[in-house]
Amino acid sequence: MNPSLLVVAGEASGDHHGALLLSELRRLCPDLDCYAAGGPELARSGARIVVPMDRLNVMGFFEVASRISGVVSSYRTIIETVQKNRIRTAILIDFPDFNLILARKLKRMGVRIFYYVSPQLWAWRKGRVHSIRRLVDHMFVIFPFEEDFYRLHGVPVTYAGHPLLDSVFPSRAEKSLVREEFRVGPSSPVIALAPGSRKGEVSRLYPRMIEAFLILRKTLPGLRALVPEAGSVPEETYAGIESRAGLPDSTLVRVRGRFREVMGAADCALVASGTATLETGLVGTPMVVVYAMHGGTYQIARLLIKVPAIGMVNLVSGRHVVPELIQNDATPERMAEESLRILVDEKRAEEMRKDLENLWTLLGSNGASARIAKKIIEMAGFHCGNSPASSSPTLP
């Protein structure tokens, strides 16, 4: 019988990290059967999608309540899949509000649980570490400071580097090619508008970003906008917002599935807080981090979150290398103001680019997905037929 595995990813970044990891797992163990709650990237890596990611891809206390029936249905489907296929190993990726509830049931069923990409317990709700210690067999973290946190609390943990470093990033030489493809002149200033990977985020942030873009065009008439569409958000969502904003023709181009190329072609970016800020930083594009959520969710989050910044670029750097505009500060006027400072002040933009270059060092070395895959296969006791000779990086 082939070894089997469950992977649960509830959002685009988890789908991406999970796909990289699954590709390495299947390289080392070609006969591995994987069932997943996830998206298109996990599917392309060979997972059988039993719950589409968009049924889970929601964030916030009030937002989850409005989608509870779909979440409960997804939970039941996952449990039935585990029972039917006698799955005894699970990899849960971030998404703690769902995954930690799922972990309780899986643990009672005798499933070995690996957690990949830690919930941000060091930022808020630290008490959940006690549940993780009880439920999780091994935690794999992607930031070096997280390893110390879990060891202090008695959780078996491994830091192997950040999986984004295993991805392909466009070079500066490709910038002009992308601009040419989208008919943006080499001398025209370009701003990227990245309002997030959830429909709720796009609905809240994209109208503000477009208004900021229109404000900027009053000072920079030649300014163009590129928008990396999230695959998890319907195209109609973007089109409806643009129609209501009354955008001038040919000033904005939307591109689906090429996030890094779009960000690399821009001189400045407005980016929703999340993994996208790290991707933009690794591309080297100066940015303004923005975020806004349901008012009630924000009031609760203010009481619980205890970190000096929310942008991963700033958290990893240990200081504010890019500006952040959160909730009431995330107005079109403030977005335009901060973006203009980058677009017209080349010295400021260059300083930001130099700070962003440090991310490559701060995030560790590449090969994280291969190192973690090897350790999971060993710890899970998978017997892999026709396994290729291992040339994977090893963990200490």
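Observations on the model:
- Residues of region 241-259 that are assigned to a strand (DSSP E or B) and open to solvent by 40 Å² or more (accessible area, probe 1.4 Å): Arg254, Arg256.
- Figure legend. Inter-residue proximity from region 125-139: first residues under 13 Å from Phe149 (Cα atoms), second residues modelled with pLDDT of 90 or more and open to solvent by 30 Å² or more (accessible area, probe 1.4 Å), beta-carbon distance below 6 Å, spacing 6+ or different chains. Indicated pairs: Val129/His153; Arg133/Gly154.
- Where Phe61 falls short, out of the listed (1) under 22 Å from the mean Cα position of the chain (by Cα); (2) of a type outside the set (S, T, N, Q); (3) modelled with pLDDT of 90 or more: (3)
- Counted as qualifying within region 95-212 are the strands (runs of 3 or more DSSP E) with 3 or more residues that are closer than 30 Å to Gln83 by Cβ, namely 112-116, 138-141.
- Candidates Ile91, Ile113, Ile87 - the one that is without any contact (Cβ under 8 Å) to a residue 60 or more places away in the chain and over 16 Å from the mean Cα position of the chain (by Cα): Ile113
- Single unsatisfied condition, His153 versus (1) in contact with a Lys or Arg (Cβ under 7 Å, 6 or more places away or on another chain); (2) modelled with pLDDT under 90: (2)
- Contacts under 6 angstrom Cβ, first residue in region 341-365 being more than 21 Å from Gly222 (Cα to Cα) and modelled with pLDDT under 95, partner open to solvent by 100 Å² or more (accessible area, probe 1.4 Å) and not β-branched (Val, Ile, Thr), 6 or more apart: none
- Within region 299-319, the set of residues being at pLDDT 85 or above and loosely packed, with under 15 Cβ neighbours inside 10 Å comprises Gly318, Arg319.
- Identity of the residue in region 101-129, open to solvent by 10 Å² or more (accessible area, probe 1.4 Å) and of a type in the set (A, V, I, L, M), that ends up farthest from Glu378 (Cα to Cα): Ile101
- When region 223-238 is limited to residues that are touching a strand residue (DSSP E or B) at 6+ places or on another chain (Cβ under 8 Å), outside any loop (DSSP other than H, G, I, E, B) and of a type outside the set (Gly, Ala, Ser), the one that is surrounded by the fewest Cβ atoms within 10 Å (Cβ to Cβ) turns out to be Glu235.
The values are calculated or read from the model by the stated rules, or taken from the named source; none is laboratory data. Everything numeric in this text was worked out from a predicted model, so none of it was measured. Note that each Cβ is placed from the backbone with ideal geometry, even for glycine, and that neighbours are counted across all protein chains shown. The area values use the complete protein model at the heavy-atom level, side chains included, leaving out ligands, DNA and RNA. Shrake-Rupley method; radii C 1.70, N 1.55, O 1.52, S 1.80 Å.
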